[in-house]
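Undergrad: This structure is in structure tokens; I'll ask about it shortly.
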Amino acid sequence: MLAIIGGSGLTTLSNLDVSHREVVRTPYGEPSGALVFGQICGKPAVFLPRHGYGHTIPPHKVNYRANLWALHHHKVSGIISVASVGGIRADLHPGDIVLPHQIIDYTWGRQSTFFDGVATPVTHIDFTEPYDADLRRRIEQAGEALSVDIKVGGVYAATQGPRLESAAEIDRLERDGADLVGMTGMPEAALARELALPYAAINVVANHGAGRGSSVNGIRFESLEHVLQEAMGRVRSVIEKVVGCQDNCLPMGLSV
């Protein structure tokens, strides 16, 4: 059973045939909301809105540990994370869908590990490749099968939020090698790795980064909703293909 964590623009999964909802209690507090279980194309899936069902939880207040623990508790086989981002790289434009391959973490003060309790042994994870290669490949193949353009590869910069970045900060992120900027990629990806959960991200470019392109003089929030609504329709189609083909209907027969 695959899990989908939805971010800004994807607070519900309309193509999920819902069977039930479950409030999960965790050792780390409350998840962002009830887990929504159901089927997509006859295959089981579970959905969780990262910011809550009313989109009321800011990025730095998301209980990432509770979210990941709740999904792990239900033995999901992998997680697809969906999030809106700002585009830094010159070829990334509003509405583009990107499959990132690397992360730079600029967040601070977030509960970022399961291994920090009293008498808990220090545990280091290998984070050389933050995203699961097989799950990324399945997403890429789903896009190809549907003729949905997915830009494969990108370095995601995770910033603290909830404010957007200054133009100078975007310049700095570019110098550091970042192609995209968002606020929720960490510690989510690292926590998934600690739990040995295959994890991949689908990023939707909502706007150019501050000082770039259409955002050269500021971010125009009124234009974001339309961009996200249109792009998330394509993302839902890709997710439907990945979940519906969990066995062997995509090339190479990869399973997650």
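Undergrad: Say we look at the range 146-192 and pick out the residues that are over 15 Å from residue 85 (Cα atoms) and among the basic types (Lys, Arg); which of these is surrounded by the fewest Cβ atoms within 10 Å (Cβ to Cβ)?
TA: Here the residue is 175.
Undergrad: Anything in the range 68-113 that is surrounded by 19 or more Cβ atoms within 10 Å (Cβ to Cβ), of a type in the set (A, V, I, L, M, F, W, C) and part of a loop (DSSP other than H, G, I, E, B)? List them, or say none.
TA: Listed by number, the residues that qualify are 76, 88, 92.
Undergrad: Let me ask something else. Here are the criteria: (1) at pLDDT 95 or above; (2) surrounded by 14 or more Cβ atoms within 10 Å (Cβ to Cβ); (3) under 18 Å from the mean Cα position of the chain (by Cα). Tell me which single one residue 207 does not satisfy.
TA: (1)
Undergrad: Something else about it: Tell me yes or no: at least one residue of the range 53-67 is in contact with a strand residue (DSSP E or B) (Cβ under 8 Å, 6 or more places away or on another chain), among the basic types (Lys, Arg) and part of a helix (DSSP H, G or I).
TA: Taking every residue of the range 53-67 in turn, at least one turns out to be in contact with a strand residue (DSSP E or B) (Cβ under 8 Å, 6 or more places away or on another chain), among the basic types (Lys, Arg) and part of a helix (DSSP H, G or I).
Undergrad: If I ask for residues that are surrounded by 12 or more Cβ atoms within 10 Å (Cβ to Cβ) and not hydrophobic (A, V, I, L, M, F, W, C), which ones from the range 221-232 would you list?
TA: Matches in the range 221-232: 223, 225, 230.
Undergrad: Which ones in the range 80-114 are farther than 16 Å from residue 202 by Cβ and of a type in the set (D, E, K, R)?
TA: Going residue by residue through the range 80-114, those that are farther than 16 Å from residue 202 by Cβ are 88-91, 93, 104-114.
Matches in the range 80-114: 89, 91, 105, 110.
Undergrad: Does residue 195 count as surrounded by fewer than 24 Cβ atoms within 10 Å (Cβ to Cβ) and modelled with pLDDT of 95 or more?
TA: Numbers: surrounded by fewer than 24 Cβ atoms within 10 Å (Cβ to Cβ): yes; modelled with pLDDT of 95 or more: yes.
For residue 195, the condition - surrounded by fewer than 24 Cβ atoms within 10 Å (Cβ to Cβ) and modelled with pLDDT of 95 or more - is met.
Undergrad: Could you tell me whether any residue of the range 127-147 is in contact with an Asp or Glu (Cβ under 7 Å, 6 or more places away or on another chain), of a type outside the set (Ser, Thr, Tyr) and under 27 Å from residue 66 (Cβ atoms)?
TA: No, because not a single residue in the range 127-147 is in contact with an Asp or Glu (Cβ under 7 Å, 6 or more places away or on another chain), of a type outside the set (Ser, Thr, Tyr) and under 27 Å from residue 66 (Cβ atoms).
Undergrad: Sort out which residues of the range 11-34 are part of a strand (DSSP E or B) and more than 19 Å from residue 59 (Cα to Cα), and write them in order of number.
TA: 17, 18, 19, 20, 21, 22, 26
Undergrad: Would you mention how many residues in the range 1-34 are β-branched (Val, Ile, Thr), within 17 Å of residue 188 (Cβ to Cβ) and either crowded, with 22+ Cβ neighbours inside 10 Å or free of Cβ contacts under 8 Å to residues at least 40 places away in the same chain (or both)?
TA: 2
Undergrad: For the range 26-52, give me each residue that is within 13 Å of residue 5 (Cβ to Cβ) and in contact with a strand residue (DSSP E or B) (Cβ under 8 Å, 6 or more places away or on another chain). Break it down into steps so the answer makes sense when it comes.
TA: As a first pass, look at the range 26-52 and keep what is within 13 Å of residue 5 (Cβ to Cβ): 31-33, 35-36, 45-52.
31, 32, 33, 35, 36, 45, 46, 47, 48, 49, 50, listed by residue number.
The values are calculated or read from the model by the stated rules, or taken from the named source; none is laboratory data. Predicted model, so just to flag it, every value in this text is computed and none were measured. Glycine also receives a Cβ, built like all others from the backbone with ideal geometry; neighbour counts cover every protein chain displayed.
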